[in-house]
Amino acid sequence: MTMRRLHRLFAHKHGIAAVEFAVLAPVMALLIASTVEAGQIMMIRTTLEGAVGEAARAAIADLALSDDDRDTAMRAYIGKRMSPYNMVEGGELEIETKVFRTFGSAYPEAYQDLNGNGQYDPPTESFPGEPFDDRNRNATRDLAVPVEGKLGGPGDVVAYTAVFPARVYFGFLSGIFGKDGGFTVRASAVVRNEPVVKAATL
């Protein structure tokens, strides 16, 4: 091939813009869709965390109401706050509460994972056991110990956990941001019941 023909080949630029667009368009579309999806995840997480926190604070305000009434109002409020967002097909908002007598009993006692196996190793005949924070000084590592009830009574500590199975906007991103067409958002709150004179309204 002569230099003249090479020069004519490189000078021929018809259709280059179309080729560039064909190459870059999918990449740009993926970036834009990913940005929108990430924004949706942040918005849903923020809304769920706010809803759980507000419902928990309102549920502890008037202990004159029955356990069932406070539980029903709490669940209705969180459900209403999350209603603008789409859930995966067949999914549902899950709300779990656990009641504890004290904050200390709401969390397992911390321990030092000396061998790095991800779990607490108790004492054996040849091993004294991994060190732990013995909060109640009973020489035994205590786990979180809930008591019966939905939202507890005066002075009880209540742990709220809500799980929302959100649906992705763009189905082709489900492999990146979740699976089966959605992703799971979780929010938690731990509060102590304190009786007040005025009832809270959700």
Are there any trypsin sites (Lys or Arg not before Pro) in the stretch 120-161 that are in a DSSP loop and have at most 10 other Cβ atoms within 10 Å? List them by number.
R137
Residue-span extension gain [E194 to A76] - 0.36 nm each, minus C-alpha spacing
40.3 nm
Order of S105, S188 from fewest to most other C-beta atoms within 10 Å?
S188, S105
Which of the aspartates and glutamates could be linked to K80 by a straight reach, that is with a Cα gap under 17 Å, when you skip same-chain ones fewer than 8 residues away?
E49, E54, D69, D71, E92, E94, E96
Between M28 and V163, what FRET efficiency follows from the Cβ-Cβ distance if R0 is 35 Å, with the result rounded to 0.05?
0.55
For the residues L63, L31, what sequence is obtained by ranking on other C-beta atoms within 10 Å, fewest first?
L31, L63
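All of the numbers you see were taken from the coordinates with simple rules; none came from a lab. Bear in mind that the values here come from a model prediction, so they are computed numbers and not experimental data. Here Cβ is always computed from backbone atoms with ideal geometry, including for glycine, and neighbour counts include all displayed protein chains.
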